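Accompanying notes for the structure given below.
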Amino acid sequence: MLILGSMPGVKSLEMQQYYAHPQNRFWKIMGLICECENLHNLEYSEKLQTLLNNNIALWDVIKSCERVGSLDSNIEKEIPNKIPALLKKYKNIEVICLNGNKSYSAFKKHFPLLLEKYKCLKMPSTSPANAKFRLENLYEEWKHIYEF
């Protein structure tokens, strides 16, 4: 499984870690899914290893862009990552989870054929900006990713 975010926010870029903002619920959700409820408190390398142990890869749809702040709605002049090359190299990836609306819309824009070739799941964003979803609601949506 490949989980794709849109583009790391300011805190993530600063720390060179995916989902580094303390209010982002990604690591808590992954901890519940991977049955490692303390995942969000582990060292970053341990977080990544836990994902790998659960057959989950992590990347972003967007390689670079112009953006003030961290909001996806501020992204301009996006350049996509080379996702087709990644999928060609790692042929065992069958499911692609798109973390949030921007991730999905950028993926759809740049890689429309991959939407047909892979099982692609548009997931609610784990970002703190997605205040519509509480942690429990996010988990209810995300917990089904292994069903595919």
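Determine which single condition Gln49 fails, assuming it passes every other condition in (1) under 16 Å from the mean Cα position of the chain (by Cα); (2) within 20 Å of Leu13 (Cβ to Cβ).
Against the list (1) under 16 Å from the mean Cα position of the chain (by Cα); (2) within 20 Å of Leu13 (Cβ to Cβ), Gln49 comes up short only on (2).
Kindly list, by first and then second residue, each pair from a residue in segment 93-112 that is at negative phi to a residue that is open to solvent by 60 Å² or more (accessible area, probe 1.4 Å) and assigned to a loop (DSSP other than H, G, I, E, B), limited to pairs with Cβ atoms under 8 Å and residues at least 6 apart or on different chains.
Glu94/Phe148; Val95/Phe148
Check Ser105, Ser73 and return the single one that is small (Gly, Ala, Ser) and at pLDDT 95 or above.
Selected residue: Ser105, the only one of Ser105, Ser73 that is small (Gly, Ala, Ser) and at pLDDT 95 or above.
Give segment 21-49 a look and list any residue that's touching a residue at least 12 places away in the same chain (Cβ under 8 Å), under 27 Å from Glu94 (Cα atoms) and not in a helix (DSSP H, G or I), or say none.
Once the filter is applied, which keeps residues that are touching a residue at least 12 places away in the same chain (Cβ under 8 Å), under 27 Å from Glu94 (Cα atoms) and not in a helix (DSSP H, G or I), segment 21-49 yields Asn24, Arg25, Cys34, Cys36.
Count, please, the residues in segment 6-18 that happen to be surrounded by 15 or more Cβ atoms within 10 Å (Cβ to Cβ), at pLDDT below 95 and within 15 Å of the chain's Cα centre (by Cα).
Residues in segment 6-18 being surrounded by 15 or more Cβ atoms within 10 Å (Cβ to Cβ), at pLDDT below 95 and within 15 Å of the chain's Cα centre (by Cα): 6 in total.
Report those helices (runs of 4 or more DSSP H) wholly inside segment 53-148 carrying at least 3 residues which are surrounded by 11 or more Cβ atoms within 10 Å (Cβ to Cβ) and not hydrophobic (A, V, I, L, M, F, W, C).
Correct list: 101-110, 135-142.
When you check Glu66 against the structure, is it in contact (Cβ under 8 Å) with a residue 60 or more places away in the chain and acidic (Asp, Glu), yes or no?
no
Residue under question is Leu113, and the condition is that it be closer than 16 Å to Ile29 by Cβ and at pLDDT 95 or above; does it hold?
Here the answer is no, as Leu113 does not meet what is asked.
The values are calculated or read from the model by the stated rules, or taken from the named source; none is laboratory data. Remember, predicted model here, so these are calculated numbers, not experimental data. All Cβ positions, glycine included, derive from the backbone under ideal geometry; neighbour counts span all protein chains shown. These accessible areas exclude ligands, DNA and RNA; they are computed on the full protein's heavy atoms, side chains included. Shrake-Rupley method; radii C 1.70, N 1.55, O 1.52, S 1.80 Å.
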